[in-house]
Structures are given as structure tokens and as C-alpha cells.
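In what follows, a single structure is set out as C-alpha cells and then discussed.
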Amino acid sequence: MNKRLVKSNNRMVSGVCAGIAEYFGIDPTIVRIALVLFCALGGSGFLAYVLAAIIMPNA
């Protein structure tokens, strides 16, 4: 079975964090907290989130 990295329908903003969590089989809250930490520690998380929201296809 091929796993694909796609945006999830379990979305808060655009579904990127939930899609990443589903791909790796972890809780979406952990990915969301990691995103907040990356945003707070230099802002690279925001850029990565925006790029992922543009690049990742919908489920």
C-alpha cells in the first residue's frame, strides 16, 4: 500500500499538520505543537507551513 502525504480533512487551518500526522501515524496535536515551537524559535515554521499548504494536494 502506497502512503501519500496529503492534506487531511481533519483540519484546523488548511490540514497540513493533520496530514503530516496521519502520514507518520502520530497525534496531530504533537505536530501542531512542534509547528508553534518552530515558529517561536526563528519563524522557519511559518514559511514551511505556507509552502506545505501550497504544495500538498488535498485528500
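The values are calculated or read from the model by the stated rules, or taken from the named source; none is laboratory data. Predicted, not measured: the structure shown is a model, and the values here were computed from it. All Cβ positions, even for glycine, are placed from backbone atoms using ideal geometry, and neighbour counts span all protein chains on display. When the accessible area is computed, the model is the full protein with side chains, heavy atoms only, and any ligands, DNA or RNA have been set aside. Shrake-Rupley method; radii C 1.70, N 1.55, O 1.52, S 1.80 Å.
Where does each of Ile26, Ile20 land when they are ordered by accessible area, with a 1.4 Å probe and the largest first?
Ile26, Ile20
Using the heavy atoms of the protein chains and a 1.4 angstrom probe, tell me the accessible area per residue for the chain in square angstrom.
73
Name the residues of region 5-21 whose amide N is less than 19 Å from a point 7 angstrom out from the Cα of Ala40 along the C-beta direction?
17
Work out the P(r) tail for the chain: percent of alpha carbon pairs separated by more than 18 Å, whole number.
29
Computing the accessible area with a 1.4 Å probe over protein heavy atoms, can you report the carbon and sulfur percentage for the chain?
Looking at the chain in its full context, I get 68 percent from C and S.
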